[in-house]
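Engineer: Here it is: the structure, laid out below.
The values are calculated or read from the model by the stated rules, or taken from the named source; none is laboratory data. Predicted model only: the values in this text are computed from it and were never measured. Don't worry about glycine lacking a Cβ; one is built from the backbone with ideal geometry, like all the others, and counts go over all protein chains shown. Just the protein is used for accessible areas: all its heavy atoms, side chains included, with ligands, DNA and RNA removed. Shrake-Rupley method; radii C 1.70, N 1.55, O 1.52, S 1.80 Å.
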Amino acid sequence: MIRLVIVDDHPIVRGGLRDTFADAEDILVVGEAGDGAEGIERAELLAADVVLMDLRMPGMDGVAATATLRERAPSTRVLILTTFDSESDVLPAIEAGAIGYLLKDALPDELMRAVRAAARGESVLAPSVTQHLMEQVRRPSAGTLTDREKEVLQLVANGNSNREAATALFIGEASIKTHLQHIYDKLGARDRASAVAEGYRRRLLT
């Protein structure tokens with residue numbers, strides 16, 4: 001019997017997922033949680049085999065909870081189930097130790113197959129997620145910023161506007177925008193805030 005814990009901040013979603021697994025003879029929903037911290041506690045207390053983890057939740061999010069669970073309960077498999085499939089969402093979750101990444105539009109049969117696969121230690125990825133990972137691997141310069149891009153990112157992290165950064169570097173504002181777009185692409189970021197956060201995470205910023 002696969003012991004499953006559902007972690008999602010929406011009670012209706014948790015109820016729907018619980019109903020999805022109600023008739024599965026080999027999957028037992030042993031607990032639920034509304035945020036990452038509670039999810040960790042429930043997974044440990046109930047000896048979960050698989051945790052179905054939402055990504056964006058108040059308090060501790062799914063990425064942080066996944067990383068913590070991998071440290072504290074390495075035998076528990078974390079399967080991300082979310083509505084977000086951008087590269088900036090996918091990569092941190094996989095790096096944190098998630099064994100799979102599915103979207104909430106997955107069919108019930110897909111979810112059950114994914115939970116069973118996760119329990120066996122097999123990776124399960126939504127097609128769009130696989131595409132993101134393939135693009136990341138194929139991108140030669142992924143994650144490698146030029147010296148000028150690092151300068152731009154540092155200025156942004158320090159709170160400078162595009163115009164202020166352009167003045168500081170004696171280049172045009174259009175060039176700053178171009179550098180920022182390259183930074184977003186390389187770091188898998190969707191905006192300035194996520195680029196800065198990723199820059200600190202990768203120790204590109206001081």
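Engineer: What residues qualify as long-range amide H neighbours of L125, i.e. H under 5 Å apart, gap of 5 or more or another chain, H built at 1.01 Å from N?
Structural biologist: Y101
Engineer: Can you give me the solvent accessible area of R3 with a 1.4 Å probe, rounded to the nearest 10 Å²?
Structural biologist: 80
Engineer: What residue among R116, R42, R163 has the largest mean-square fluctuation in a Gaussian network model of the chain, using Cα springs under 10 Å?
Structural biologist: R163
Engineer: How do L45, L103, L204 stack up against each other in accessible area, from largest to smallest, with a 1.4 angstrom probe?
Structural biologist: The ordering from most to least exposed comes out as L45, L204, L103.
Engineer: Something else now. Show which aspartates and glutamates lie in cross-link reach of K177 when reach means a straight Cα distance below 19 angstrom and same-chain residues fewer than eight apart are skipped.
Structural biologist: Here the aspartates and glutamates satisfying the reach criterion relative to K177 are D147, E149, E151, E164, D185, D191, E198.
Engineer: At what distance in nm do the modelled label points of D23 and M60 sit from each other, each positioned 7 Å from its Cα along Cα→Cβ?
Structural biologist: With each label placed 7 Å out from Cα toward Cβ, I get 3.5 nm.
Engineer: Then there's this: Quick one: which residues, 5+ away or cross-chain, put their amide H under 5 Å from the amide H of L46? H built at 1.01 Å from N.
Structural biologist: Those qualifying (amide H under 5 Å, at least 5 residues apart or on another chain) number zero.
Engineer: Here's a follow-up. Which whole-Hz couplings ³J(HN,Hα) result when phi for each residue of the range 116-123 is put into the Karplus expression 6.51 cos²θ - 1.76 cosθ + 1.60, θ = phi - 60°, listed in order with x for Gly and Pro?
Structural biologist: So the Karplus estimates, Gly and Pro as x, are 5, 5, 4, 4, 7, x, 9, 6 Hz.
Engineer: Would the range 10-58 count as rounded, prolate or oblate if I go by the C-alpha gyration tensor, calling it rounded below 1.5 in a/c and otherwise prolate when a/b exceeds b/c, oblate otherwise?
Structural biologist: oblate
Engineer: To the nearest 500 deg cm²/dmol, what mean residue ellipticity at 222 nm is calculated for the chain from DSSP H runs of n ≥ 4 alone, each contributing -39,500 (n - 2.57), summed and divided by the residues?
Structural biologist: Helices in the chain give a 222 nm mean residue ellipticity of -16000 deg cm²/dmol.
Engineer: Counting only protein heavy atoms and a 1.4 Å probe, tell me what percentage of the chain's accessible area is made up of carbon and sulfur.
Structural biologist: Carbon-and-sulfur percentage of accessible area, whole number: 52.
Engineer: Accessible area, 1.4 Å probe, largest first: how do M134, M112 sort?
Structural biologist: So, going from the largest accessible area down, we get M134, M112.
Engineer: Find out how many positive minus negative residues lie around I27, taking Lys and Arg as positive, Asp and Glu as negative, among other residues whose Cβ is under 10 Å from that of I27.
Structural biologist: -2
Engineer: Please give the FRET efficiency for S86 paired with R202, using the beta carbon to beta carbon distance and R0 = 22 Å, rounded to the nearest 0.05.
Structural biologist: For S86 and R202, the calculated efficiency is 0.80.
Engineer: Also: So, R0 is 41 Å and r is the distance between the beta-carbons of R113 and T146; what FRET efficiency does that work out to, to 0.05?
Structural biologist: FRET efficiency, R113 to T146: 0.40.
Engineer: Here's something else I'd like to know. Taking H placed 1.01 Å from N in the peptide plane, check which residues at least 5 places from R77 or on another chain put their amide H under 5 Å from its amide H.
Structural biologist: V50, V51
Engineer: Can you work out the accessible area per residue across the chain, with the rest of the protein chains kept in place, probe 1.4 Å, in square angstrom?
Structural biologist: 50
Engineer: Output the Cα-based Rg and Dmax of the chain in Å, rounding Rg to one decimal and Dmax to a whole number.
Structural biologist: Looking at the chain, its Cα Rg and Dmax stand at 19.6, 67 Å.
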